[in-house]
Amino acid sequence: MKPFIFEFPQPSPLGQSILQELGGEEGKMVVRSFPDKESYLRVFSLVKEREVIIHASLFPSNEHALPLLFLCEALRDQGAKRIGLLIPYLPYMRQDKIFHPGEALTSKTFASLLSAYTDYIITVDPHLHRYHSLHEIYSIPSYVVKAAPLISQWILENVKDPFLIGPDQESEQWVKEIAKDLPYLVLQKVRNGDQAVEISWPAGVAIGKRTPVLVDDIISSGVTMVEALKHLQSQGTRPPLCVTIHPLFVENAYQKLLNMGAQGVISCNSLPHFSNQIDLAPLLASTLKTIVKEEE
Ligand code: R5P
């Protein structure tokens, strides 16, 4: 029987493509806020003994996290056979260490919650930095899809003489994989605050006439990309491109990058944004097909 796919909190182009490619049945539900901002949620589809997949676009994370758990519980109460969570952008992964005494290790708490309410998760390039694998914090099966081959292909098809740049050490894992045989460079970053970073460029390294392509897993406030763009501006390079897997673009981050000389800002559709040019749907649908089969 076809799996149900619930689009949470609302339908998105990515979810609709996956639904079609997978041949799933769209789950019907309503989620809304009461005047006092508490959530109301109701599932209409008959999910008893059915395979259920929730495609969650969890941004802003805090706004949607609790209603997502309500959805899981409602599906469970109505007898869903299994609840898989397709969560292309996995929030809270950057809080992977207690940096100062007394801080909450939110990555772990968030993982415990999702592990308690769902049966497995599928995500795209989670921010694995101090953790080496999701298994360290998720107690349910987790599947990681990598966007690197799609990004490589996009760059090869759209950029003349690319030179890839990772703005910080953490980005090396993505940049290296995306670059394959292309030249790349990884910069050093020191973070002094939520919107304050310092990025250093290695002495004596120039990228000449190539097109700089800055690659990072997440663009949030945009400050990391802006600081890297400043270096390129001072070198008088060709207009750079910025590419990201997870386009959070808090406030006017997207515009800030264009103002700082980026000729374009490109993203994967892990979260819906008008910069989405790299489609994850085929990859996610084929991964889901395998998982649903395996779990049958
Ligand atoms: C952390 O190291 C991530 O890879 C990104 O570099 C970071 O989340 C970007 O955040 P922002 O856009 O706020 O600098």
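The values are calculated or read from the model by the stated rules, or taken from the named source; none is laboratory data. A quick note: this is a predicted structure, and the numbers were derived from the prediction, not measured. Virtual Cβ from ideal backbone geometry, glycine too; neighbours counted across all protein chains shown. We work out accessible area using only protein heavy atoms, side chains counted, and drop any ligands, DNA or RNA first. Shrake-Rupley method; radii C 1.70, N 1.55, O 1.52, S 1.80 Å.
Taken about its Cα centre, the range 87-173 carries a charge dipole of roughly 140 debye when the Cβ of each Lys and Arg holds +1 and the Cβ of each Asp and Glu holds -1. Once the 1.4 Å probe is applied to the protein heavy atoms, the range 143-195 comes out at 53 Å² accessible per residue. In order along the range 176-186, the phi-based Karplus estimate (6.51 cos²θ - 1.76 cosθ + 1.60, θ = phi - 60°) of 3J(HN,Hα) comes to 4, 6, 6, 5, 6, 8, 7, x, 8, 9, 10 Hz; Gly and Pro are listed as x. For the chain, the longest piece that avoids every one of the chymotrypsin sites (Phe, Trp or Tyr not before Pro) found in DSSP loops with at most 10 other C-beta atoms within 10 Å covers 100-273.
Enter the Cα centre distance for the pair the range 183-239 and the range 78-135, rounded to the nearest angstrom. Each part reduced to its Cα centre gives a spacing of 29 Å. Note on D194 and L66: the model spin-label points, each 7 Å out from Cα along the C-beta direction, lie 1.9 nm apart. When the chain is modelled as a GNM with alpha-carbon springs shorter than 10 Å, which of E26, E63, E51 fluctuates the most? Judging by the Gaussian network model, the answer is E63.
Going by the alpha-carbon gyration tensor, a ≥ b ≥ c the square roots of its eigenvalues, is the chain rounded (a/c under 1.5) or, if a/c is not under 1.5, prolate (a/b greater than b/c) versus oblate? In terms of gyration-tensor shape, prolate.
DSSP assigns beta bridges within the chain; of those with both partners inside it, close to 20 percent run antiparallel.
Please give the length that would be gained between H100 and L156 if that part of the chain were fully extended, namely 0.36 nm times their separation in residues minus their C-alpha to C-alpha distance (nm, one decimal).
Stretched fully, the H100-L156 segment lengthens by 15.9 nm.
Ignoring trypsin sites (Lys or Arg not before Pro) that are buried or in helix or strand per DSSP, and keeping those with at most 10 other beta carbon atoms within 10 Å, what is the longest stretch of the chain between them? Longest gap between qualifying sites, sites excluded: 38-159. Amide H contacts of A80: E49, each under 5 Å away and 5 or more positions distant or on a separate chain (H built 1.01 Å from N in the peptide plane; Pro and chain starts excluded).
Relative to the dominant Cα principal axis of the chain, helix 13-22 is inclined by about 60°.
Secondary-structure-derived ellipticity at 222 nm for the chain, considering helices only, amounts to -9500 deg cm²/dmol, per-run term -39500 (n - 2.57) for DSSP H runs with n ≥ 4. Comparing G79, G15, G102 in a Gaussian network model of the chain, where Cα atoms under 10 Å apart are tied by springs, the biggest mean-square fluctuation is seen for G102. Rounded, prolate or oblate: which fits the range 67-160 when a ≥ b ≥ c are the square roots of the eigenvalues of the alpha-carbon gyration tensor, with rounded for a/c under 1.5 and prolate only if a/b beats b/c? Oblate shape, in that a/c is at least 1.5 and b/c is the bigger or equal ratio.
Positive end of the dipole of the chain (Cβ unit charges, origin at the Cα centre): among L187, T237, V213, the Cα lying farthest that way belongs to T237. Between P167, P247, P239, the Gaussian network model of the chain with springs among Cα atoms under 10 angstrom shows the greatest mean-square fluctuation at P239. Using a cut-off of 32 Å between Cα atoms, the listed pairs K108/K230; K28/K289; K180/K256; K97/K160 include K108/K230; K97/K160 as exceeding that distance.
Expressed to the nearest 5 percent, the antiparallel share of DSSP beta bridges inside the range 138-296 is 20 percent.
Estimated at 0.36 nm per residue, the fully extended path between L46 and E25 surpasses their Cα-Cα distance by 6.4 nm.
Relative to the longest principal axis of the Cα atoms of the chain, helix 106-117 runs at roughly 30 degrees. In this Cβ point-charge picture (+1 for Lys and Arg, -1 for Asp and Glu), the chain has a dipole of about 320 debye about its Cα centre. Counting only alpha carbon atoms, the long axis of helix 61-77 and the longest principal axis of the chain meet at about 30°.
With the whole protein complex present, D194 retains an accessible surface near 140 Å², based on a 1.4 Å probe.
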